[in-house]
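> Before I ask anything, here is the structure I am working with.
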Amino acid sequence: MVVNLTKNLSATLLALLVPALFFCSPTQADQSIALAWNPSPSPGVVGYVVYYGTDGSNFNNEIDAGSNTFATLTGLQPGTTNRFEVVAYSTNGVESPPSNLIEYSVPGTPVTAKTILVQSNASTDITLLISGQGTLAQNLTGKVFQAGKQYTLTAAPAKGMVFAGWVSSGVVVSTKPNYTFVLGSNAVLQANFVTNPFIPVEGTYRGLCYVPNDAAAESSGSFLVTVTSSGAFSARLCLAGVDHAYGGEFSLTGAAFKSIPRAGLSPITVQLQLDLSNGPMTGTISDGTWTAQLVANPAIYSRTNHAPQAGRYTLLIPGMDNAPTQPGGNGFGAVTVNTLGDVSLSGTLGDGTPFASSSVVASQGQWPFYVSIYGGKGCILGWLSFTNNGDVSGEINWFKLPEETAKLYPGGFTNGTEAIGSIYQYTNGMPVLGFTDGLLSLLNGDLAESITNQAGIGPELPATEPYTTKLSVSTSTGMFHGSVINPATGKPISVRGIVLQNQNLGAGYFLGTNQCGSVLLSASP
């Protein structure tokens, strides 16, 4: 559930994220939700406080979020209606008017907590409760509590459970298992446990981030995160050719937030939302100017669940027709998918730039493809899909930032194209395509006019065959190379490319003086 709120106050609550709905027995613990809000535009704001409670006029709970624009609230009793508002505050503690009010009714019936200690003496009255399946690590037998003294209690969840928070007199006082406190004259302290929501979603996720309908090199990248059964995670974000590694913990709602500093640049804010039903991970990445959407899919293949896409493939990244300002050459690569779903790719882009990539085939046969190129001043990325008939396809975005010293395309470019791929197999003694006699055409790339030659392709071609051009092919990868005489200059032009067996053709590139051109190989009529 996402609630859009429009009241224009200094701190405006933006969204109530989807609560994690735990199907608990009456002995299991409370639920939690995540809140996020727009930052205040006032330069004097140093932090935010969330006020909440079940009484719409008297909020008896609060959480100081510091400078964060988000907070996770735990200890919400099933069967209750909770109300929330947020205020901004300045260095001297002056608070802004409150945001608009949000209400959320927690599904279920109220949980009855188990009493594990009731103690009353001349110094204090203390009651210790446990909600859900868990216990306290300390042995409290014979323990005498006294007001004014400091104590530490440690919550220990049962197998398959996680700790959800300490609640004191109805207020969440800590979300950490170890809670240190000074005992007052009258205290009620409850340890909450819930079913572990992270066991079904433990694993590795890979994905991409970019701004929808406005992708650019500086705001596009790849994302890798490993989630443990406790909800802890380690992540690596590659953005604009720079790797950012960090870690953290998901809340019980599957939310996580992180601000990543960057030298000389504004920090990156990463917001993640883990689908606790074992779906994809989503989120946003922002530098304050742009906001990129992130999607990461879980790796689903293993030693006991082999990837049906395992095998060798060839991939073509078509060039553009406008060769003077954008690469006209066709990029290509050899792809290998192993039984674990790991994908490795190496090849050359249509302007002669070599590249390599490693990733995975995730759910629904999707391959998150990203490579940083040009020394971090460009990238190529897109979601590619494997089909049941051995094809590979998907939209590719190829970016290069302006670079005055570049030999080709110093002004940079942005290309969008549709990648084409095919499964690749070689049988000894058989041609790599459905023909050995073909036509090789060279287009664009500052040629005076297009060139078309009769060409032969194969690992071994008879020397007596009268081919104008002979192309040598690597039978292990499907890549070919050769040369063509330019009739205008009498000099050879080096050509490189790859075959696509399902399409029964080949394609690649050649390099001109300051442009690159397209190479096409097809069967002779």
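> Which residues, taken from the stretch 41-96, are small (Gly, Ala, Ser), buried (at least 21 other Cβ atoms within 10 Å of the Cβ) and under 17 Å from Phe257 (Cβ atoms)?
Residue satisfying the conditions is Ala71 alone.
> Spot the failing condition for Gln503; the list is (1) in contact with a Gly (Cβ under 9 Å, 6 or more places away or on another chain); (2) closer than 18 Å to Gly319 by Cα, and only one is missed.
Evaluating Gln503 over (1) in contact with a Gly (Cβ under 9 Å, 6 or more places away or on another chain); (2) closer than 18 Å to Gly319 by Cα leaves (1) as the failure.
> In the stretch 486-525, what count of residues is obtained for those that are without any contact (Cβ under 8 Å) to a residue 40 or more places away in the chain and closer than 21 Å to Ser422 by Cα?
Residues that pass the stated criteria total 0.
> While we're on this one: Tally up the residues in the stretch 290-333 that are among the small types (Gly, Ala, Ser) and within 21 Å of Gly207 (Cα to Cα), please.
Count: 7.
> Just checking, does the stretch 505-517 include any residue being surrounded by fewer than 24 Cβ atoms within 10 Å (Cβ to Cβ), over 23 Å from Asp446 (Cβ atoms) and touching a Ser or Thr at 6+ places or on another chain (Cβ under 9 Å)?
The answer is yes, given that some residue of the stretch 505-517 is surrounded by fewer than 24 Cβ atoms within 10 Å (Cβ to Cβ), over 23 Å from Asp446 (Cβ atoms) and touching a Ser or Thr at 6+ places or on another chain (Cβ under 9 Å).
> Could you please let me know if Thr195 is among the hydroxyl-bearing types (Ser, Thr, Tyr) and within 16 Å of the chain's Cα centre (by Cα)?
No, not satisfied.
> Separate question: Which residue out of Thr54, Thr80, Thr91, Thr74 is touching a Gly at 6+ places or on another chain (Cβ under 6 Å) and either at pLDDT 80 or above or outside the structural domain of Leu129 (by TED's automatic domain parsing) (or both)?
It is Thr74.
> Being under 30 Å from Ile199 (Cα atoms), without any contact (Cβ under 8 Å) to a residue 60 or more places away in the chain and not aromatic (Phe, Trp, Tyr), is that true of even one residue in the stretch 83-96?
Checked the stretch 83-96: no residue is under 30 Å from Ile199 (Cα atoms), without any contact (Cβ under 8 Å) to a residue 60 or more places away in the chain and not aromatic (Phe, Trp, Tyr).
> When you check Ser277 against the structure, is it of a type in the set (Ser, Thr, Tyr) and touching a helix residue (DSSP H, G or I) at 6+ places or on another chain (Cβ under 8 Å), yes or no?
Taking the combined requirement at face value, the residue satisfies it.
> Suppose we filter Gly421, Gly394, Gly438, Gly456 for residues that are in a strand (DSSP E or B), surrounded by 14 or more Cβ atoms within 10 Å (Cβ to Cβ) and in contact with a Lys or Arg (Cβ under 6 Å, 6 or more places away or on another chain); which single one remains?
Gly456
> Are any residues in the stretch 322-345 under 27 Å from Glu404 (Cα atoms) and either assigned to a strand (DSSP E or B) or under 23 Å from the mean Cα position of the chain (by Cα) (or both), and if so, which ones?
Residues satisfying the conditions are Gly331, Phe332.
> Here's a check for you: in the stretch 115-131, which residue that is in a loop (DSSP other than H, G, I, E, B) and either outside the structural domain of Val172 (by TED's automatic domain parsing) or out of contact with any Ser or Thr (no Cβ under 6 Å at 6 or more places or on another chain) (or both) is farthest from Asn192 (Cα to Cα)?
Ala122
> Now a separate question. Please state which one of Leu224, Leu239, Leu252 is surrounded by 18 or more Cβ atoms within 10 Å (Cβ to Cβ), under 23 Å from Val295 (Cβ atoms), touching a Lys or Arg at 6+ places or on another chain (Cβ under 7 Å) and of a type outside the set (Lys, Arg).
Residue meeting the stated conditions: Leu224.
> Can I ask one more? Suppose the filter is in contact with a Cys (Cβ under 8 Å, 6 or more places away or on another chain) and part of a strand (DSSP E or B); does Val173 pass it?
In short, no.
> Let me confirm something: among Pro410, Pro368, which residue is farther than 17 Å from Gly221 by Cβ and out of contact with any helix residue (DSSP H, G or I) (no Cβ under 6 Å at 6 or more places or on another chain)?
On inspection, the qualifying residue turns out to be Pro410.
> Would you mention how many residues in the stretch 280-307 are touching a residue at least 24 places away in the same chain (Cβ under 8 Å), more than 18 Å from Val225 (Cα to Cα) and either in a strand (DSSP E or B) or of a type outside the set (Gly, Ala, Ser) (or both)?
The total comes to 5.
> If Gly207 meets every condition in (1) crowded, with 18+ Cβ neighbours inside 10 Å; (2) without any contact (Cβ under 8 Å) to a residue 60 or more places away in the chain; (3) under 22 Å from Ile268 (Cβ atoms); (4) not hydrophobic (A, V, I, L, M, F, W, C) apart from one, which number is that one?
Here Gly207 clears every test but (2).
> So which residues in the stretch 233-261 are within 22 Å of Asn38 (Cβ to Cβ) and either at pLDDT 90 or above or not in a loop (DSSP other than H, G, I, E, B) (or both), if there are any at all?
Of everything in the stretch 233-261, those that are within 22 Å of Asn38 (Cβ to Cβ) and either at pLDDT 90 or above or not in a loop (DSSP other than H, G, I, E, B) (or both) turn out to be Ala255, Ala256, Phe257, Lys258, Ser259, Ile260, Pro261.
> Something else about it: Thr124 is checked against (1) among the hydroxyl-bearing types (Ser, Thr, Tyr); (2) out of contact with any strand residue (DSSP E or B) (no Cβ under 6 Å at 6 or more places or on another chain); (3) exposed (fewer than 12 other Cβ atoms within 10 Å of the Cβ) and fails just one. What number does that condition carry?
Every listed condition holds for Thr124 apart from (3).
> Within the group Ser483, Ser472, Ser524, which residue is in contact with a Gly (Cβ under 7 Å, 6 or more places away or on another chain) and surrounded by 13 or more Cβ atoms within 10 Å (Cβ to Cβ)?
The unique qualifying residue is Ser472.
> Scan the stretch 58-106 residue by residue and report those that are among the hydroxyl-bearing types (Ser, Thr, Tyr), within 20 Å of Pro41 (Cα to Cα) and in a strand (DSSP E or B).
Passing the criteria: Tyr89, Ser90.
The values are calculated or read from the model by the stated rules, or taken from the named source; none is laboratory data. It should be emphasised that the depicted structure is a prediction, and the values quoted were computed from it without experimental measurement. Using ideal geometry, Cβ is built from the backbone for each residue, glycine included, and neighbour counts are taken over all protein chains shown.
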